[in-house]
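Engineer: Have a look at this one.
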Amino acid sequence: MTDSASLPLEFSVRNLNDSVGSLFSHVRSTMANMINQRTTCDLGITGTQGSILFMVWSEKCLLAAELAREFGIDASAVTRRIDLLEARGLLRRVRSVEDRRIVRLSLTPEGEAMAARMPAIFASVVDKLLSGFTPEETGFLKSMLRRVLANSSALAGLTHDAALYFEKKTH
């Protein structure tokens, strides 16, 4: 058993709740919970379902594999979520005419209406979380988060171009 006094300060048991990793996790969880509460009340769907609809609506993710990468979950979990959205009449699968192996995701009119409401939900949650921040503080926070993403891109072995993209955004 390791003595907590011998651990680096950032990871000592006494400071666990104040570590950068713990704060990242807590902010992400809080934001996800707030979005989930809003989408459940306003739209009758989960935050993840709303986010999927938004990703398809914005054309950032039109394939199940793209959604899996974006959300960091496995393909079978994405398939289950797509099945639920399809059963609710919010999304449909459309086989490509050019390549029958490819199945694109498309929103129904009701799915489009819900997806169109997601930006306002996202913005209201972020506004609440950043209440009291000056524009300069918000800009600085975004800059620091982009640097974290650039570091993670380099560590994950992503392309040099992606790392440059994130780095360019910080300057």
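Each value in this text was obtained by applying a stated rule to the coordinates, not by laboratory testing. What you are looking at is a predicted structure, and each value in this text was computed from that prediction instead of being measured. Neighbour counts run over all protein chains shown; Cβ positions are idealised from the backbone, glycine included.
Engineer: Within the stretch 84-131, can you find the residues that are farther than 25 Å from MET31 by Cα and among the polar types (S, T, N, Q)?
Structural biologist: SER96, SER106, THR108 - these are the residues of the stretch 84-131 that are farther than 25 Å from MET31 by Cα and among the polar types (S, T, N, Q).
Engineer: Just wondering, is there one or more residues in the stretch 132-147 that are within 21 Å of GLY47 (Cα to Cα) and either outside any helix (DSSP H, G or I) or within 17 Å of the chain's Cα centre (by Cα) (or both)?
Structural biologist: So far as the stretch 132-147 goes, no, none of its residues is within 21 Å of GLY47 (Cα to Cα) and either outside any helix (DSSP H, G or I) or within 17 Å of the chain's Cα centre (by Cα) (or both).
Engineer: Now for a different question. Could you grab me the full set of residues in the stretch 85-111 that are touching a residue at least 24 places away in the same chain (Cβ under 8 Å), out of contact with any helix residue (DSSP H, G or I) (no Cβ under 7 Å at 6 or more places or on another chain) and not in a strand (DSSP E or B)?
Structural biologist: Result: ARG88, ILE102.
Engineer: Enumerate the pairs (first residue in the stretch 17-38 and more than 15 Å from PHE71 (Cβ to Cβ); second residue anywhere and assigned to a helix (DSSP H, G or I) and hydrophobic (A, V, I, L, M, F, W, C)) with beta-carbon separation below 8 Å, excluding pairs fewer than 6 apart on the same chain, so at least 6 apart or on different chains.
Structural biologist: Hits for this filter: SER19/PHE11; SER22/LEU16; VAL27/LEU129; THR30/LEU129; MET34/VAL125; MET34/LEU129; ARG38/ILE121; ARG38/VAL125.
Engineer: Right, another one. List every residue pair whose Cβ atoms sit under 8 Å apart, with the two residues 6 or more apart in sequence or on different chains, where the first one lies in the stretch 46-68 and is more than 12 Å from LEU105 (Cβ to Cβ) and the second, anywhere, is assigned to a helix (DSSP H, G or I) and hydroxyl-bearing (Ser, Thr, Tyr).
Structural biologist: THR46/THR39; THR46/THR40; GLY47/THR39; GLY47/THR40; GLN49/THR39; GLY50/THR39
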